[in-house]
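The values are calculated or read from the model by the stated rules, or taken from the named source; none is laboratory data. Note that the structure is a prediction, hence the values are computed from the model and not measured. Here Cβ is always computed from backbone atoms with ideal geometry, including for glycine, and neighbour counts include all displayed protein chains. Accessible surface is based on the protein model in full, side chains and every heavy atom, while ligands, DNA and RNA are left aside. Shrake-Rupley method; radii C 1.70, N 1.55, O 1.52, S 1.80 Å.
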There are 2 protein chains.
Amino acid sequence: MPDNSCLTHLSCWKTGKQYDADRLINVSDAGKPLRVEYDLRGVAETLDRDILATRPRNLWAWRELLPLPFDIECPTLGEGGTPLLEAERLGRELGLRRLYVKDEAVNPTGSFKARGMAVAVAMAKYLGAPALAVPSAGNAGGALAAYAARVGLAAHIFMPQDVPAANRLECELAGAHVTLVDGLITDCAARVRAGCAEHGWFDLSTLKEPYRVEGKKTMGLEIARQLDWNLPDVIIYPTGGGTGLVGMHKAFAELEAIGWLDAQQAKRPRFVAVQAEGCCPIVSAFAAGADEAVEHENAHTVAAGLRVPKAIGDFIMLDILRSTNGTAIAVSDAEMIRAARELSAATGVCACPEGGACLAALRKLRDSGWVRDSDEVVLFNTGSGLKYAEAFAGGTT
Amino acid sequence: MPDNSCLTHLSCWKTGKQYDADRLINVSDAGKPLRVEYDLRGVAETLDRDILATRPRNLWAWRELLPLPFDIECPTLGEGGTPLLEAERLGRELGLRRLYVKDEAVNPTGSFKARGMAVAVAMAKYLGAPALAVPSAGNAGGALAAYAARVGLAAHIFMPQDVPAANRLECELAGAHVTLVDGLITDCAARVRAGCAEHGWFDLSTLKEPYRVEGKKTMGLEIARQLDWNLPDVIIYPTGGGTGLVGMHKAFAELEAIGWLDAQQAKRPRFVAVQAEGCCPIVSAFAAGADEAVEHENAHTVAAGLRVPKAIGDFIMLDILRSTNGTAIAVSDAEMIRAARELSAATGVCACPEGGACLAALRKLRDSGWVRDSDEVVLFNTGSGLKYAEAFAGGTT
């Protein structure tokens with residue numbers, strides 16, 4: 001267990017079996033994600049809102065709820081602290097009490113992936129990883145490349161040949177070793193596993209190490225703070241690997257545990273998982289009442305972040321959706337591209353297809369009455385639309 | 001004069017003639033830029049560092065040094081508050097006491113243009129502009145489009161046909177009216193003037209209205225704050241229209257006037273204006289000892305932000321370079337592209353060609369001894385390299 005932090009240990013998200021956090025580790029013996037556990041009483045004694053207010057507004061402001069030891073310098077590029085923008089015109093049009101957009105495009109590397117990689121790369125460096133690797137069909141590669149460059153570690157990134165040009169460019173600019181694979185993201189993942197076995201690289205794939213979730217959970221911590229420690233009624237989130245959804249739910253539990261949410265405010269937002277019609281394993285599993293998802297065959301969507309046919313954290317997501325009275329919904333590529341343009345023009349954010357998917361989902365949920373006019377809603381723009389030139393060029397309807 | 005702000009009036013940057021700030025205005029009777037003047041005694045009485053520390057870290061934290069009346073809501077997308085990153089490895093390699101990168105890519109719309117447009121669009125809206133217009137060969141158009149969308153005004157953007165695809169895409173996503181012009185940026189400017197005359201649009205061209213400089217000056221305010229109210233020895237800045245250079249110099253004067261810089265710290269950084277060999281009117285004028293620049297014929301460079309053959313604020317820039325014992329230096333496109341890759345790989349920022357130009361200039365100034373090993377240096381990455389796919393594809397050496 002690292003000294004000098006509030007981290008106590010890791011536990012298997014499925015079985016609860018405990019693991020020490022003093023070395024590099026990927027998944028549990030059961031092959032499931034590992035959850036980072038903290039001494040929350042210690043956090044409550046160390047951190048208060050006045051201290052928080054004095055800190056830089058990047059995600060490391062939440063140092064006590066993050067795993068990096070206090071005496072290790074945070075390798076920041078300015079990640080986190082993104083705006084929660086009220087979308088007045090759009091909210092009025094949709095007849096909502098209040099509508100916010102959490103704009104994750106205003107992050108280093110232009111997406112929310114920066115949060116997870118900032119923390120995971122920091123921990124990997126601290127625990128002695130000699131080099132890092134991920135498969136990526138979108139924004140994760142660029143985020144790894146940037147933070148690896150920041151800490152001076154080599155990054156090995158395996159991408160499908162049809163990866164958007166912007167995602168490849170950002171990896172190459174940051175000096176990462178990029179391999180284009182003639183195949184799918186699953187083929188890329190196989191190449192990463194082989195490279196890790198052969199060369200000792202550390203695998204930073206989604207939920208296949210414990211710390212990316214910890215970076216992502218800061219989205220939830222920030223929303224609570226930005227809403228003055230009240231949680232919204234509904235959070236609409238584009239769900240591929242699901243790290244953000246899992247992380248935010250964990251964040252709210254931790255805030256409640258340290259006493260920062262009012263008793264009346266201990267309600268959880270209803271989480272909405274948004275997926276693409278061409279790749280919606282969580283939507284299918286939710287509708288079927290299943291505890292785990294089945295791999296989506298022939299997955300296809302212009303939203304690279306949603307092209308995840310089978311997520312290792314599926315069972316965690318499904319549990320969160322049910323326990324919060326949430327739901328899961330799929331939208332078409334045409335709907336998400338059209339809605340991304342609407343979201344941009346109505347608010348000024350540069351919406352990505354995944355952000356558009358959230359707005360398209362919100363419209364459907366308003367039409368069905370699932371989202372009520374009394375609801376306060378937060379939807380996510382997870383990255384910059386500028387990284388999706390191909391999708392916007394081809395996907396217009 | 002707007003009530004309820006510390007703004008007092010405008011003055012011609014050339015002649016000193018005063019103008020009221022209570023209506024939309026472009027340039028002075030002499031056709032020169034207008035400077036925003038404040039009641040700095042009033043600012044000093046209203047604002048202190050403790051108050052500043054409690055505010056959100058976007059540029060509106062500096063409300064008393066900005067022109068928007070206090071009772072008008074700030075139309076924010078989260079602009080400003082960008083990181084000042086220490087570049088340890090690069091600084092060591094260059095033998096510098098300390099090297100920082102101010103990473104403006106972490107702004108809404110991915111560039112420093114967001115700062116100027118946030119403030120200028122807010123003021124144009126407040127003063128009753130019915131619609132907004134700019135010519136743009138790069139990032140300014142996208143920034144205008146985003147803030148116009150934020151406040152609900154129409155934006156008319158005229159771009160040369162060879163504008164980078166990303167710059168055009170961001171304008172279109174935000175719902176702006178984009179016209180591609182078969183010609184140069186000067187032809188685009190003529191179209192803007194014609195449209196303003198015919199339709200009553202308000203022209204937001206660089207330094208042709210008073211408030212973009214005020215947004216840009218917050219880069220200087222932030223650097224001073226991030227260095228704990230000490231100024232660096234050298235600031236290396238890519239100079240097209242020069243708004244940032246002019247704004248930062250103004251910022252330091254205002255901070256000194258309100259007593260926030262130590263007497264010993266009242267020294268000004270030596271400003272370095274970096275231009276492209278294919279478009280370097282300020283470099284030529286500086287070398288010739290001239291007070292104004294001559295239009296650069298056949299201007300060409302992959303750095304869209306530096307493709308400014310004649311800047312209306314040339315005389316202000318030249319005065320700043322001389323009064324701070326600064327200099328002006330040109331680098332080739334090949335040098336800036338190579339250096340952008342180096343900057344990205346060494347620090348994790350996603351460097352644009354203009355950011356690369358600053359590093360290339362710094363190397364030359366180290367070689368010549370102009371930058372000393374005792375110097376603390378800040379260089380600017382003014383935007384995200386992701387918006388320059390064409391430059392990186394074609395410009396590699």
Long pairs among A:LYS102/A:LYS208; B:LYS125/B:LYS216; B:LYS14/B:LYS102; B:LYS32/B:LYS250; A:LYS217/B:LYS217, criterion Cα-Cα beyond 23 Å: A:LYS102/A:LYS208; B:LYS14/B:LYS102; A:LYS217/B:LYS217
Equivalent ellipsoid, the stretch B:122-278 (semi-axes from 5 times Cα gyration tensor eigenvalues, Å): 33, 18, 13
Kirkwood hydrodynamic radius of the protein assembly as shown, from inverse mean 1/r over distinct Cα pairs, in Å: 26.6
Protein heavy-atom accessible area occluded, B/A pair - total, 1.4 Å probe, Å²: 3000
Copies compared at A:THR186 - label distances in nm, ascending, label defined 7 Å from Cα in the Cβ direction: 6.0
Assigned charges on the beta-carbon of Lys, Arg, Asp, Glu; the stretch B:180-302 dipole about Cα centre (debye): 280
Pseudo-label separations to other copies for B:ALA165 - Cα-to-Cβ vector, 7 Å, nm: 0.4
Debye, to nearest 20: dipole size of chain B, +1 on Lys, Arg Cβ, -1 on Asp, Glu Cβ: 320
Chain B: relative contact order in percent, alpha carbon pairs under 8 Å with at least 6 residues between: 17
Closest Cβ on chain A to the rotation axis that carries it onto B (distance rounded to whole Å): A:ARG57, 2
10 Å Cβ neighbours from other chains, averaged over peptide B:184-192: 0
Virtual spin-label span in nm between B:GLU88 and A:GLU277, 7 Å along Cα→Cβ: 5.2
Added length on full extension, which subtracts the Cα-Cα distance from 0.36 nm per residue, A:ARG98 to A:ASN4: 29.7 nm
Distance (nanometres) between label positions extended 7 Å along Cα→Cβ at A:GLU292 and A:GLU390: 3.2
Protection proxy ranking, peptides A:238-250, A:269-281, B:327-339, average beta carbon neighbours within 10 Å, highest first: A:238-250, A:269-281, B:327-339
Packing-based order for B:208-218, A:54-64, A:188-198, using average beta carbon neighbours within 10 Å, highest first: B:208-218, A:54-64, A:188-198
Equivalent ellipsoid semi-axes - Cα gyration tensor, the stretch B:146-218, angstrom: 19, 16, 14
Cα-projected label distance for A:ALA30 with B:ASP367, points at 7 Å along beta-carbon direction, nm: 6.2
Cα Rg, Dmax (largest Cα-Cα span) when computed across the stretch A:240-385, Å: 15.3, 46
Calculated label separations, A:GLU73, copies of the chain, 7 Å along the beta-carbon direction, nm: 4.2
Cβ neighbours within 10 Å from other chains - mean over B:171-178: 5
Rounded D (µm²/s) - the stretch A:14-86, Kirkwood Rh over Cα pairs, Stokes-Einstein at 37 °C, 0.692 mPa s: 220
Förster radius 22 Å - calculated FRET efficiency between A:GLN18 and A:THR46, Cβ distance, rounded to 0.05: 0.45
Over the stretch B:260-397, relative contact order from alpha-carbon pairs under 8 Å, at least 6 apart, %: 24
Positive dipole terminus of the stretch B:64-188, leading residue within B:LEU184, B:TYR147, B:GLY81 (C-beta point charges): B:GLY81
Average beta carbon contacts from partner chains per residue of B:105-114, 10 Å cutoff: 4
Cα-based equivalent ellipsoid of chain B: semi-axis lengths in Å, sorted from largest, via gyration tensor: 29, 26, 20
Low-density loop cleavage sites - trypsin sites (Lys or Arg not before Pro) in the stretch A:93-161, where at most 16 other Cβ are within 10 Å (DSSP): A:ARG97
Evaluated at q = 0.13 Å⁻¹: base-10 log I(q)/I(0), Debye formula over Cα of the stretch A:108-174: -0.29
Sites matching trypsin sites (Lys or Arg not before Pro) across the stretch A:1-32 that sit in DSSP coil, with at most 12 neighbouring C-beta atoms within 10 Å: A:ARG23
Segment A:ARG322-A:ALA253, length gained on full extension (0.36 nm per residue, minus Cα span): 23.3 nm
Cα-centred dipole magnitude for the protein assembly as shown, charges only on beta-carbon of K, R (+1) and D, E (-1), debye, nearest 20: 40
Positive minus negative residues near B:THR243 (Lys, Arg vs Asp, Glu; Cβ under 10 Å): +4
Amide hydrogen neighbours beyond the local backbone of B:ALA330, cut-off 5 Å, H modeled: B:GLN275
Reduced Cα scattering model of the stretch A:52-155, Debye log10 I(q)/I(0), q = 0.12, 0.21 Å⁻¹: -0.48, -1.06
Relative contact order of the stretch A:30-183, pairs being alpha-carbon contacts under 8 Å that are 6 or more residues apart, as %: 16
